[in-house]
Amino acid sequence: MDYRSSRGLKRAQVDQLRASQWVKEHRNCLLTGPTGSGKTYLGCALGVQACREGYRTLYFYAPKFFRALESARADGSLLQWLKKLARPPLIIIDDLGIASVPGKLYREFLEVLDDRQGQGATLITSQFPVNQLCRVNSNLNCV
C-alpha cells in the first residue's frame, strides 16, 4: 500500500479497517477520492480480508448493481433479491455516482441500506465527495 501524503491514506485507518472489526460490528465504510486513487483496490482488498476472516462478501460495480435491481423489479423477483442483499456480512458497492440512476432505484437502494442497518456492513466507493454525491444524485437525501 502506498501511503504517500498525496494519496490521503492513513496507515492507522487502513490497519483498523483491515482488522474487519467494523464488519463484525455491522458498520459501514465510505471510500472517496479521485479516479485512480485506489478506492476500488482498497475496497476489494478489504473485502478479500473479510472473506479470509470468514465473512461472506458480495461485490457489485454500482451501474451493474442498479441494472440488476431494475431487472429484479421488472421480473417480479425484487423482494427475493432484497432479502438476498440483507444477509451477507459485507456488501461492497463500487463507484457509486458514476452513472445517473432513476429515483425509484435510489429509493430501493436506500431500502437495501436500511435493511442492512445493524445486520451487515456495507462498503461504498465513489469518486465524488459526500457533498457532491448529493448534488450529482438529486435522489439522495443528504443532511
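Where a number appears in this text, it was derived from the coordinates with a stated rule and is not lab data. Keep in mind that what you see is a predicted model, and the values were worked out from it rather than measured. Note that we place each Cβ from the backbone using ideal geometry, even for glycine, and neighbour counts take in every protein chain shown.
The table for this structure:
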{"item": "Any helices (runs of 4 or more DSSP H) falling wholly within segment 4-117 and containing at least 2 residues that are surrounded by fewer than 18 Cβ atoms within 10 Å (Cβ to Cβ) and touching a Lys or Arg at 6+ places or on another chain (Cβ under 9 Å)", "result": "39-52, 62-75, 78-86, 103-116"}
{"item": "Selection count where residues are in contact with a Leu (Cβ under 8 Å, 6 or more places away or on another chain) and farther than 18 Å from G120 by Cβ, scope segment 34-61", "result": "3"}
